[in-house]
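The values are calculated or read from the model by the stated rules, or taken from the named source; none is laboratory data. Not measured: the values here are computed from a predicted model. Cβ placement follows ideal geometry from the backbone for every residue including glycine, while neighbour counts extend to all protein chains displayed.
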């Protein structure tokens, strides 16, 4: 079902009018931590323990149809002590030609529930996040390194990783 979304850029003053933000406010308001935008693309930060149900709603809602997980990555904010990692889900609705971003803030050593049951593409993407950042995904069917050898020490995209690379391997 096409909703007639236009391709407008949502600015800070009208973020609440975005169809996905409205749907999340209606059904999962208590999961929302923050709503923002950058260059017209809307981002909703959600609680880590509610992330998979939010992603499922965005995929299954017949008016939203975010049917494509185009990327899943992480960002390490070394100066943010309470939850130094963002796990970032880049979503796309093929039918509605709309992008949407979900983030969840994660403490070091805390697992995030896997999105593998929502989109199978999460399989390799979560393995890459684990390998590069050390973030584990609870319920993932094959949580092991994907880019580095099994005996590699550390996670190269963490800010504290040595700039010269790994000293011993």
Which one is surrounded by the fewest Cβ atoms within 10 Å (Cβ to Cβ) among residues in the range 1-16 that are modelled with pLDDT under 85 and part of a helix (DSSP H, G or I)?
-> 13
Residue count, the range 40-56, condition assigned to a helix (DSSP H, G or I) and either touching a helix residue (DSSP H, G or I) at 6+ places or on another chain (Cβ under 6 Å) or closer than 14 Å to residue 98 by Cα (or both), comes to 2
Those residues of the range 88-118 that are more than 17 Å from residue 41 (Cα to Cα) and part of a strand (DSSP E or B) come to a total of 4
Pairing a residue in the range 17-39 that is assigned to a helix (DSSP H, G or I) with any residue that is modelled with pLDDT of 95 or more and surrounded by fewer than 10 Cβ atoms within 10 Å (Cβ to Cβ), where Cβ atoms lie under 8 Å and the two sit 6 or more apart in sequence or on different chains, gives none
Closer than 20 Å to residue 34 by Cβ, without any contact (Cβ under 8 Å) to a residue 24 or more places away in the chain and either surrounded by 19 or more Cβ atoms within 10 Å (Cβ to Cβ) or within 19 Å of the chain's Cα centre (by Cα) (or both), is that true of residue 110?
-> no
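Among the candidates 129, 110, 118, which residue alone is over 14 Å from residue 72 (Cα atoms) and modelled with pLDDT of 95 or more? Can you show your working first?
Details: 129 fails: over 14 Å from residue 72 (Cα atoms); 118 fails: over 14 Å from residue 72 (Cα atoms).
Result: 110 is the single residue among 129, 110, 118 that is over 14 Å from residue 72 (Cα atoms) and modelled with pLDDT of 95 or more.
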Does the range 51-61 contain at least one residue that is surrounded by fewer than 18 Cβ atoms within 10 Å (Cβ to Cβ) and modelled with pLDDT under 95?
-> no
